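Visitor: Questions regarding the structure given below will be posed in turn.
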Amino acid sequence: MKPTRLRGNKLIRNLVNQTKITMEDIVYPIFVVEGENIKREIPSLKNQYHLSLDMLDKEVEEIIAMGIQYIIVFGVPDVKDEEASYAFSDEGIVQKAVRKIKSLNKDLYIITDVCLCQYKSDGHCCKFNENGTINRIESLEILSKVALSHARAGADMVAPSDMMDGRIGNMRNLLDENGFEHIPIMSYSAKYASNFYGPFRDAAGSAPSFGDRKSYQMDYRNSREAVLEMDLDIKEGADILMVKPAMPYLDIIKMAKDTFDYPIAAYQVSGEYAMLKMAVDNGMLHEEAIIESLIAIKRAGADIIITYFAKELKELLKKY
Ligand code: PBG
């Protein structure tokens, strides 16, 4: 067979191409903060903003106009403590934001990031014992409380990003016991201890105050343990498996897709966005590189892509 590129124009190429992206594959991350009248550009994430609750009306309008149907909400609280209290409080920033967004538009699908690092004074995703080891039992209890409080506020899906062993099962049980059997869990299953999260940690104020996350996030030298992590998450009741970051981990996405009969999500993280955005804005890369990056992630096997490019995408997809 002759390759179709030899036979004609964009229309035929579009007809036969193997990989398509639509806005229904895309999830847009938003960052909510306490306060009023705040729409502050995040210095390390161009075109992404910290938004106070009163600015959400306009934001939701814009999101809908850009063709976005799915968002993932990250909270940046004013108060941090040892217990991460504002992560599970009904008056926490995410809980308030979810209620507000639902009241503005009930059709926008809301996923919430479930973690402790933004809410804990030490910036870690878990509780520690006196001797510095992870207190898994207490960590799981708090994380599950966070997920439940998000569901109560009206979240459509929860996405735990902490990487503690056993969190999916624990969370699933608590959600089910409280009548939230219908709320799916998207697990950050294969989450690597990555340098590409740098800009996000500035955005969320969640850089650890000591040590790193290498004892609970995965070593980027390894691929086999990704399968193990995903297998455990499935057994505990995860509905969607995520690989994070995305473009430097296409092999992991592909392996996940080939190994499991589950929807695979990939997170094109802050560092990937920052690199591409800067290069495109400075004329070093053509803007089509954005689409190429997302197609590569989709081609590797992702069904869902979380990306900060979501707002630019509708227009880009028309062009390329
Ligand atoms: C919280 C969390 C992180 C990201 C999503 N949820 C940061 C981290 O693990 O340090 C990163 C997202 C991004 O870089 O865009 N645990």
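The values are calculated or read from the model by the stated rules, or taken from the named source; none is laboratory data. If you're wondering where the values come from, they're calculated on a predicted model, not measured in any experiment. Using ideal geometry, Cβ is built from the backbone for each residue, glycine included, and neighbour counts are taken over all protein chains shown.
Visitor: Among the residues of the range 166-190, write down those that are among the β-branched types (Val, Ile, Thr) and either near the ligand (Cβ under 10 Å from one of its atoms) or in a strand (DSSP E or B) (or both). So that I can check it myself, show each step before the final result.
Guide: Here is the first cut: in the range 166-190, the ones among the β-branched types (Val, Ile, Thr) are 168, 183, 185.
Passing the criteria: only Ile185.
Visitor: Output yes when any residue across the range 114-137 is away from the ligand (no atom under 16 Å from the Cβ), touching a helix residue (DSSP H, G or I) at 6+ places or on another chain (Cβ under 7 Å) and at positive phi, and no when none is.
Guide: Within the range 114-137, not a single residue is away from the ligand (no atom under 16 Å from the Cβ), touching a helix residue (DSSP H, G or I) at 6+ places or on another chain (Cβ under 7 Å) and at positive phi.
Visitor: I would also like to ask the following. Checking Asp162 against (1) touching a Gly at 6+ places or on another chain (Cβ under 8 Å); (2) modelled with pLDDT under 95, only one condition comes out false. Which one?
Guide: (1)
Visitor: While we're here: Pairs needed: first member in the range 111-129, within 16 Å of Ser144 (Cβ to Cβ); second member anywhere, modelled with pLDDT under 95 and part of a strand (DSSP E or B); C-beta distance under 6 Å; at least 6 residues apart or different chains.
Guide: Cβ pairs passing all conditions: Cys126/Ile134; Lys127/Asn135.
Visitor: Check Leu228 against each of (1) over 18 Å from the mean Cα position of the chain (by Cα); (2) touching a residue at least 40 places away in the same chain (Cβ under 8 Å); (3) in a helix (DSSP H, G or I); (4) over 25 Å from Ile42 (Cα atoms) and name the one condition it does not meet.
Guide: That leaves (2) as the condition not met.
Visitor: Which numbered condition trips up Ala155, out of (1) in a loop (DSSP other than H, G, I, E, B); (2) closer than 30 Å to Leu45 by Cβ; (3) more than 16 Å from the ligand (Cβ to nearest atom); (4) of a type in the set (Gly, Ala, Ser)?
Guide: (3)
Visitor: Got at least one residue in the range 191-210 being part of a loop (DSSP other than H, G, I, E, B) and more than 20 Å from the chain's Cα centre (by Cα)?
Guide: Within the range 191-210, one or more residues are part of a loop (DSSP other than H, G, I, E, B) and more than 20 Å from the chain's Cα centre (by Cα).
Condition check ((1) among the small types (Gly, Ala, Ser); (2) touching an Asp or Glu at 6+ places or on another chain (Cβ under 7 Å)) across all residues:
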position: Pro263; (1), (2): no, yes
position: Tyr267; (1), (2): no, no
position: Met275; (1), (2): no, no
position: Ala279; (1), (2): yes, no
position: Glu288; (1), (2): no, no
position: Ile291; (1), (2): no, no
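Visitor: Another question, then. Could you tell me whether Val73 is closer than 16 Å to Ser206 by Cα and without any contact (Cβ under 8 Å) to a residue 40 or more places away in the chain? Talk me through it step by step, then tell me what you get.
Guide: Numbers: closer than 16 Å to Ser206 by Cα: yes; without any contact (Cβ under 8 Å) to a residue 40 or more places away in the chain: no.
In short, no.
Visitor: Hey, among the residues in the range 211-225 that are among the charged types (D, E, K, R) and outside any helix (DSSP H, G or I), which one's nearest to the ligand (Cβ to nearest atom)? It would help to see each step written out before you state the result.
Guide: Residues of the range 211-225 that are among the charged types (D, E, K, R), as a first pass: 212-214, 219, 221, 224-225.
This time we only want the ones that are outside any helix (DSSP H, G or I), so: 212-214, 219, 221.
On the way: Asp212: 9, Arg213: 6, Lys214: 11, Asp219: 14, Arg221: 18 Å.
Checking each candidate, the answer is Arg213.
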